[in-house]
1. Pulled fully out, how much extra length does the chain show between residue 103 and residue 180, if you take 0.36 nm times their separation in residues and subtract their Cα-Cα distance?
2. Pull up the cross-link candidates among the lysines for residue 45, meaning alpha carbon to alpha carbon under 23 Å and not fewer than 8 places away within one chain.
3. Could you calculate the contour length gain from residue 70 to residue 49, that is, 0.36 nm times the residue separation minus the distance between their Cα atoms, to one decimal place in nm?
4. How would 184, 109 line up from fewest to most surrounding beta-carbon atoms within 10 angstrom?
5. Would you work out which of 18, 61, 41 lies farthest towards the positive end of the dipole of region 15-82, given +1 charges on the beta-carbon of Lys and Arg and -1 on that of Asp and Glu, about the Cα centre?
6. Based on other C-beta atoms within 10 Å, arrange 140, 113, 30 from fewest to most.
7. Evaluate the distance, in nm, between pseudo-label points positioned 7 Å from the Cα of residue 86 and of residue 26 along their respective Cα→Cβ axes.
8. Along Cα→Cβ, 7 Å out, is where each label goes; now give me the distance between the ones at residue 118 and residue 153 in nm to one decimal.
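Read the figures in this text as sums done on the coordinates, not as results from a lab. As the structure is a computational prediction, the values presented were derived from the model and not from experiment. Virtual Cβ from ideal backbone geometry, glycine too; neighbours counted across all protein chains shown.
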Amino acid sequence: MQTNLLYFSDADKSRARFELSKIRADICDRDEYSKLLCDGIAMLKDYADADILLLYFPTRSEPDLTPLARLAWHDGKQVAFPISRTDSLTLDFRIVASLGELAAGAYGIPEPRENAPRAALTERTLCVVPALALDRDGYRLGYGKGYYDRFLSSFVGRSLAAIHSSLICERLPRNDTDISLNTIITETGAIRLR
């Protein structure tokens, strides 16, 4: 696995977010790289075997993986997006049948409505996790609230993040509550971690 040589100590989360946000903002042709990431996920056995696909709506120059939702619906899979529970800092994934069922929610990010059916998560559920950056051990740098680490701590399915290869670092800051992912997808292919 080729990695960016950036190495951040556990005390460097703020500096890491600042530096890596600049790198991500400078990535050219976001549409093309988003398409390559979607194609890479769609080729995975984890995708083929998935009964439910958990996605997120892109924000802050994240890759746009929403075309994957359309493919999953075409392939007969259920697709769920999270409702962010700001009181408990937890995620509540709800099934939607189209992107039109999403409306602005917490933090202004499109979310399912409260009456959408709750996703019944199984070992065959595939969760695509947002990440500002990842390290070679599969630990991610998010935005600091810990929503996904809380969710992943009891998640029984498979997890992956899809990012540009320039955002894979030698080491990112981590603590005891951080959860590593199973797979990283970049524009050059898949990296299986565990």
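1. On the way: separation 77, 0.36 × 77 = 27.72 nm, distance 2.99 nm.
Length difference between fully extended and current span is 24.7 nm.
2. Here the lysines satisfying the reach criterion relative to residue 45 are 35, 77.
3. Working: separation 21, 0.36 × 21 = 7.56 nm, distance 1.67 nm.
Between residue 70 and residue 49, full extension yields an extra 5.9 nm.
4. Values: 184 25, 109 16.
Ranked by crowding around the Cβ, least crowded first: 109, 184.
5. It is 18, whose Cα lies furthest towards the positive end.
6. Working: 140 25, 113 12, 30 16.
Least crowded to most crowded, the residues run 113, 30, 140.
7. Those two pseudo-labels are separated by 3.4 nm.
8. Inter-label distance under the simple model: 1.9 nm.
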